[in-house]
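Remarks on the structure that follows.
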Amino acid sequence: MKEVKAAADLKQNPYETFLAVMEEAAAKMGLAPNDYEALKYCERQLEVSLPVQMDDGSVRVFEGYRVQHSSLRGPCKGGIRYHQDADINEVKALAAWMSFKCAVANIPYGGGKGGIKVDPAQLSAGELERLTRAYTAAIAPIVGPDKDIPAPDVNTNAQIMAWFVDTYSKISGKFSPGVVTGKPIELGGSLGRREATGRGVMISCRELMKLYGTTLKGKRVAVQGNGNVGGIGAQLLVEQGAIVTALSDVSGAVFCDKGLNVDKIMDFAAKRNLLKDYKEAGVRFVAGAEGNAELLAADVDILVPAALENQIHADNAASVRAKYVVEGANGPMTKAGDKLLNEKGVVIVPDILANAGGVVCSYFEWVQNLANYYWTLGEVNAKLETQMVSAFNEVVALTKQYNCNFRTAAYISAIKRITGARKLKGYFL
Ligand code: NAD
């Protein structure tokens, strides 16, 4: 496999990337210095050590985090990531993006995020359960249905949320399904939650095409990451008539000029298979980072990076040929990558708008838990559609009002709502 060069800007602290974008938006909208200063810091950062008994009897201690960026608009909300590279600065950035995402989508939440430094693929199911329960107990004092509500993120899923609910409910002495979202349906999960982020990505792509006087029909799309966001997003894009010509995962990328059979690929992936083992006539596979680099440079109309952060950076942004980039992942491009794409005239729908469908549906799940009354799939999808289209249109209006790109406009939308709440509440804590 050819070595793919790593850009220097990849070393940038992701929280500083967040601050740099916020600073640009603050300058554009003429934000008062006091309001800007108050937005720069996370409210609370918790670091925990998690001793876990492994199957062989040894004890390993894992590092975990929960960061609450802002609770000005409501309880904090944001996922939990299990990844070997998780660190406090990444979690801080992800928490801040959640505050901004909830504000752009206009749901009554602040932002938080959690993480454990672990490669879950190296753990047995029993070890994963013990780690999850240890983490839940360690962060229990600062989470809760009316304080901070976690959810799945990279490498965490509905089963992990079920362990979280069970542990938290036992600690608090009452069944508390509203403490996390993204739960299994049997434990108070919402219909439509699994597909909601991908659905939101599809809606963002569709509304973007509408804005430019066209539709998704026949548009060529490349999607990086075939997980919850990318894989489901790709399926829904195909349903709208788009042609997905490239799709990837951590093992590499598959390409087919006539369009991939995404449903078939997702059935294959659902059995925990990696794309490197996918075989179909007319489908070409390129392994690892090289495959992903080729995907990012694919000759398509729309590129959807939906894997991890920092995928488009100073060294590869020039190779991007798509006219539109819709960010399925959180922070999929570095500041330098973003600047280069903007200079090329690429239209970018930022993460805090494009992938907000997941948190919007998480909000619906929480509302159903608190009311103990459950909606049909049709009701969930209709409400998601309304919320996403309205957020998209508000951001478009701000691009015109401030003569700026989508990312700056989305940040302006968020800053207006968060500082609006701050003004009403004042500066007590
Ligand atoms: P996931 O674990 O379901 O899927 C991630 C995908 O990315 C997998 O296909 C994996 O193989 C691939 N991947 C991992 N490392 C890669 C690499 N180095 N190169 C190429 N592909 C790689 O995760 P997900 O839930 O789909 O989340 C993806 C992104 O979307 C993350 O940035 C996450 O924070 C963000 N996000 C997720 C949700 C949600 O509801 N799941 C909501 C908003 C944002």
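The values are calculated or read from the model by the stated rules, or taken from the named source; none is laboratory data. Please read these numbers as outputs of a predicted model, since none were measured by experiment. So basically every Cβ, Gly included, is an ideal-geometry build from the backbone, and we count neighbours across all protein chains shown. Just the protein is used for accessible areas: all its heavy atoms, side chains included, with ligands, DNA and RNA removed. Shrake-Rupley method; radii C 1.70, N 1.55, O 1.52, S 1.80 Å.
Could you tell me which residue of segment 232-250 is nearest to the ligand (Cβ to nearest atom), considering only residues that are surrounded by fewer than 22 Cβ atoms within 10 Å (Cβ to Cβ) and touching a residue at least 40 places away in the same chain (Cβ under 8 Å)?
Applying the filter and picking the extreme gives VAL250.
Among the candidates LYS276, LYS258, LYS264, single out the residue that is within 11 Å of the ligand (Cβ to nearest atom), modelled with pLDDT of 95 or more, more than 18 Å from the chain's Cα centre (by Cα) and open to solvent by 60 Å² or more (accessible area, probe 1.4 Å). Working first, answer last.
Details: LYS258 fails: within 11 Å of the ligand (Cβ to nearest atom); LYS264 fails: within 11 Å of the ligand (Cβ to nearest atom).
It is LYS276.
With the condition kept exactly as written, say whether any residue in segment 168-183 is closer than 27 Å to ALA234 by Cα and either among the hydrophobic types (A, V, I, L, M, F, W, C) or open to solvent by 50 Å² or more (accessible area, probe 1.4 Å) (or both).
yes
Among (1) open to solvent by 60 Å² or more (accessible area, probe 1.4 Å); (2) of a type outside the set (Gly, Ala, Ser); (3) within 16 Å of the ligand (Cβ to nearest atom), which single condition is ARG220 missing?
(3)
Could you please find all residues in segment 160-199 being without any contact (Cβ under 8 Å) to a residue 12 or more places away in the chain and small (Gly, Ala, Ser)?
Within segment 160-199, SER169, GLY173 meet the criteria.
Hey, does segment 83-93 have a residue that's crowded, with 19+ Cβ neighbours inside 10 Å, more than 16 Å from the ligand (Cβ to nearest atom) and touching a residue at least 12 places away in the same chain (Cβ under 8 Å)?
Checking segment 83-93: not a single residue is crowded, with 19+ Cβ neighbours inside 10 Å, more than 16 Å from the ligand (Cβ to nearest atom) and touching a residue at least 12 places away in the same chain (Cβ under 8 Å).
Quick one: would you say LEU370 is at pLDDT 95 or above and away from the ligand (no atom under 16 Å from the Cβ)?
Criteria met by LEU370.
Looking at (1) at pLDDT 95 or above; (2) more than 10 Å from the ligand (Cβ to nearest atom); (3) within 18 Å of the chain's Cα centre (by Cα), which one does VAL286 not meet, given that it meets all the others?
(3)
What are the residues in segment 19-48 that are more than 22 Å from the chain's Cα centre (by Cα), surrounded by 13 or more Cβ atoms within 10 Å (Cβ to Cβ) and aliphatic (A, V, I, L, M), if any?
ALA26, MET29, LEU31, ALA38, VAL48
Taking THR197 as meeting all but one of (1) within 16 Å of the ligand (Cβ to nearest atom); (2) within 13 Å of ARG66 (Cα to Cα), write down the number of the exception.
With (1) within 16 Å of the ligand (Cβ to nearest atom); (2) within 13 Å of ARG66 (Cα to Cα) applied to THR197, the lone miss is (2).
Are any of the residues in segment 347-367 more than 16 Å from the chain's Cα centre (by Cα) and in the same structural domain as PRO14 (by TED's automatic domain parsing)?
Yes, the conditions are met somewhere in segment 347-367.
Output the number of residues of segment 402-414 satisfying the condition of being out of contact with any Leu (no Cβ under 6 Å at 6 or more places or on another chain) and either aliphatic (A, V, I, L, M) or not in a helix (DSSP H, G or I) (or both).
Final tally of qualifying residues: 5.
Take the residues in segment 189-209 that are in a helix (DSSP H, G or I) and among the hydroxyl-bearing types (Ser, Thr, Tyr); name whichever of them is nearest to LEU353 (Cα to Cα).
Keep residues of segment 189-209 that are in a helix (DSSP H, G or I), which gives 193-209.
Then drop every residue that is not among the hydroxyl-bearing types (Ser, Thr, Tyr), which leaves 197, 204.
Details: THR197: 11, SER204: 8 Å.
Applying the filter and picking the extreme gives SER204.
Would you mention how many residues in segment 150-167 are open to solvent by less than 30 Å² (accessible area, probe 1.4 Å), farther than 11 Å from VAL180 by Cα and within 15 Å of the ligand (Cβ to nearest atom)?
1
Could you pull out the residue among PRO108, PRO141, PRO51 that is surrounded by fewer than 16 Cβ atoms within 10 Å (Cβ to Cβ), more than 16 Å from the ligand (Cβ to nearest atom), in the same structural domain as LYS183 (by TED's automatic domain parsing) and under 23 Å from the mean Cα position of the chain (by Cα)?
So the residue among PRO108, PRO141, PRO51 that is surrounded by fewer than 16 Cβ atoms within 10 Å (Cβ to Cβ), more than 16 Å from the ligand (Cβ to nearest atom), in the same structural domain as LYS183 (by TED's automatic domain parsing) and under 23 Å from the mean Cα position of the chain (by Cα) is PRO108.
For segment 193-211, what are the residues that are open to solvent by 10 Å² or more (accessible area, probe 1.4 Å) and in contact with a Lys or Arg (Cβ under 9 Å, 6 or more places away or on another chain)?
ARG193
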